[in-house]
Amino acid sequence: MTNAFEAAHDQVAVADCSDWGRVKVSDADRIRFLHNQTTNDFERLQPGQGCETVFVNSTARTLDLVSAYVGPESVLLLTSPEIQTQLIDWMDRYIFFADKVKLEDVTAQTFAFRVIGSQAAETLVQLGFKEWIGEQPRLHHHTETSLADTPVTVAVGSGLALPGYTLIGPKESAPAVWQALTTAGVAALAPSDWERLRIEQGRPVPGQELTEDDNPLEAGLWHAISFEKGCYIGQETIARLNTYQGVKKQLWGLKLKKLAPAGSAIHYEGSKVGHLTSSINTPNGPVGLGYIRTKAGGAGLTVQVGEADSSDSSPIMATVVEVPFLSRGYLA
């Protein structure tokens, strides 16, 4: 029998991501405001479209990677878990007297499920979602469903580099929607399954890969940045790094010989070249993510993680690998 993790690749699985934050941005200046606050181009988006975008500070250090879904009267932001309050406070600092922008934390009033896998589209068609299946990632539509008899926002895109969809709706409908999915044969992913998927895919998260020490180019989030749009917070730094090819470290995947804790130093040829940001045991061996100096190299590099193991005096060796979620711009 296929387990849920395998189903997310070869069949279909669902992750309950209701602990992720959801922020509604409304009023007349909402598009202009988000365009000026984040890395992607909101002014090109129409209702029913969306994008991934990065909140950064004035020196382009990362706050969060966010999915944005543009509706006719508001924009819904799907943030990382427990980050929504911080982002609301951050955005509120930049709403001035004449700005017509309203921020509302709707996390507690809504659910978020991610339906992932090669059969995700087929499954949703069977449940009544038809006309938009197969569109490009991060386009979304509202539809009346028979799952809970209420509107559900359905977004193309799984939040990973795997095919899938994101479902967001009122909290009271969550049990009925979940039941409809699992009854249709969708395997339920445990939190540990999602964490393994996230690390193997390379999706960075706040506090680990997205910190005040990192910028979105280093974090491999080039796909969430517009280099053509005008001024926004952190734009000058990002533009300079891109123009002068100044990215000094990059986020990579790591295949570890033995599990090492996050924060462990990464060494190459006797010199420290980075640090491990995330790690997890899998049936195929430990894997992780980590930042490595650009000059040291990338995929295919053999590195040492941490210090020598005191139990057998042997170092933890690792191979640097590419991961599908990340993008590298001129570094690719």
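The values are calculated or read from the model by the stated rules, or taken from the named source; none is laboratory data. Predicted, not measured: the structure shown is a model, and the values here were computed from it. Methodologically, a virtual Cβ is constructed for each residue, glycine included, from the backbone with ideal geometry; neighbour enumeration extends over all protein chains shown. For the accessible areas, the whole protein counts, side chains as well, though only heavy atoms, and no ligand, DNA or RNA atoms are used. Shrake-Rupley method; radii C 1.70, N 1.55, O 1.52, S 1.80 Å.
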Taking H as built 1.01 Å from N, whose amide H comes closer than 5 Å to the amide H of Ser158, not counting residues under 5 places away? Gly164
Under a Gaussian network model of the chain whose springs join Cα atoms within less than 10 Å, the largest fluctuation of Gly128, Gly270, Gly157 belongs to Gly270
Give the aspartates and glutamates whose C-alpha is closer than 18 Å to that of Lys171, dropping any in the same chain fewer than 8 places away, or say none. Asp16, Asp19, Glu82, Glu104, Asp105, Glu144, Asp149
What does the accessible area per residue of the chain come to in Å², with a 1.4 Å probe and no ligands, DNA or RNA counted? 44 Å²
Out of Ser314, Ser264, Ser158, any idea which swings most in a Gaussian network model of the chain, alpha carbons joined below 10 Å? Ser314
Whole-Hz Karplus ³J(HN,Hα) for the stretch 100-112, in order, using 6.51 cos²θ - 1.76 cosθ + 1.60 and θ = phi - 60°, x for Gly and Pro? 9, 9, 10, 10, 9, 7, 10, 4, 5, 9, 9, 10, 9
Not counting the cut sites, what is the longest span of the chain without chymotrypsin sites (Phe, Trp or Tyr not before Pro) that DSSP labels loop and that have at most 14 other Cβ atoms within 10 Å? 98-226
Among the lysines, which have Cα under 23 Å from the Cα of Lys100 when same-chain residues fewer than 8 positions away are ignored? Lys24, Lys229
Considering only protein heavy atoms and a 1.4 Å probe, what is the carbon-and-sulfur percentage of the accessible area of the stretch 255-332? 51 percent
Most fluctuating residue of Asp29, Asp214, Asp89 in a GNM of the chain with Cα springs under 10 Å: which is it? Asp89
Work out how much length Ala190 to Lys171 would gain on full extension: take 0.36 nm times their residue separation and subtract the Cα-Cα distance, in nm to one decimal. 4.9 nm
How much of the DSSP beta bridge set in the chain is antiparallel, as a percent to the nearest 5? 95 percent
Using a Cα-Cα cut-off of under 29 Å, which lysines could be cross-linked to Lys272, ignoring same-chain neighbours fewer than 8 residues away? Lys248, Lys249, Lys255, Lys257, Lys258, Lys295
Tell me the relative contact order for the stretch 209-262 as a rounded percent, counting alpha carbon contacts under 8 Å between residues six or more apart. 43 percent
Extension length gain for Asn3 and Leu331 (0.36 nm per residue less Cα distance), in nm, is 114.5 nm
Between the stretch 219-292 and the stretch 16-47, the alpha-carbon center distance in angstrom: 25 Å
